[in-house]
Amino acid sequence: MKIRQNLYLDRDITDALEALSVGPGGNKSRLVNQALANWLARRSSSQIDDMFKIRLDRISREQARLARDLEILVESFALFVRYQLVVTAPIPEGDTAALAIGRDRFEKFVRQVGRQLASGKRTFAEPEQPEVGS
């Protein structure tokens, strides 16, 4: 259902509308209706974009913090491994008891990491921070 509207348009807009409506299928009402529908659609999408922008900015900050933390972790681990390899003497090949102790310690370490991850506990957990802007 179409509803009649009485509108006042500036002269230059009226002239442009008249020029567009000349030719096959030219209809001023259809042109104004499409233009207004497009404008309203862009306006509502802009509002949605503004709402998502805040969340995307927060996600970007969190991702940057995670990347920084991962870089610190990898660098710390690499330095620890280098130090450990430099200061620890290699185990002689024939020392099966020392090799067995090493394997046992490594298996215990892997199980402990698994338990920590499964429980959600972290050895170096940061205190929780309240979310800003939520």
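Run lengths n ≥ 4 of DSSP H only: what is the helix-derived mean residue ellipticity at 222 nm for the chain, with -39500 (n - 2.57) per run over all residues, to the nearest 500?
Numbers: 3 runs with 95 residues, N = 134.
Mean residue ellipticity at 222 nm (helix-derived): -25500 deg cm²/dmol.
Take the Cα radius of gyration of the chain and divide it by 2.2 N^0.38 Å, with N its residue count; two decimals is plenty.
Numbers: Rg = 34.0 Å, N = 134, 2.2 N^0.38 = 14.1 Å.
My calculation over the Cα atoms of the chain gives 2.40.
Full-extension gain between Val113 and Arg11, please, as 0.36 nm times their residue separation minus the C-alpha to C-alpha distance. Write out the running numbers ahead of the final one.
On the way: separation 102, 0.36 × 102 = 36.72 nm, distance 7.55 nm.
Between Val113 and Arg11, full extension yields 29.2 nm more.
Using the crude model of +1 on Lys and Arg Cβ and -1 on Asp and Glu Cβ, and no other charge, please compute the dipole size for the chain relative to its Cα centre, in debye to 20.
Working: 21 positive and 18 negative charges, 115 e Å.
Roughly 560 debye for the chain.
Roughly speaking, what is the stretch gain from Arg61 to Ser76, that is 0.36 nm per residue apart minus the C-alpha to C-alpha distance, in nm to one decimal? Provide the component values of the computation, followed by the final result.
On the way: separation 15, 0.36 × 15 = 5.40 nm, distance 2.25 nm.
Fully extending the segment from Arg61 to Ser76 adds 3.1 nm.
Straight-line reach from Lys28: which lysines fall under 19 Å, measuring Cα to Cα and dropping same-chain residues less than 8 apart?
Within the straight-line cut-off, Lys28 pairs with Lys2.
Every number here is computed from the coordinates shown, using simple stated rules; none is lab data. Quantities reported herein were computed from a predicted structural model and do not represent experimental measurements. Virtual Cβ from ideal backbone geometry, glycine too; neighbours counted across all protein chains shown.
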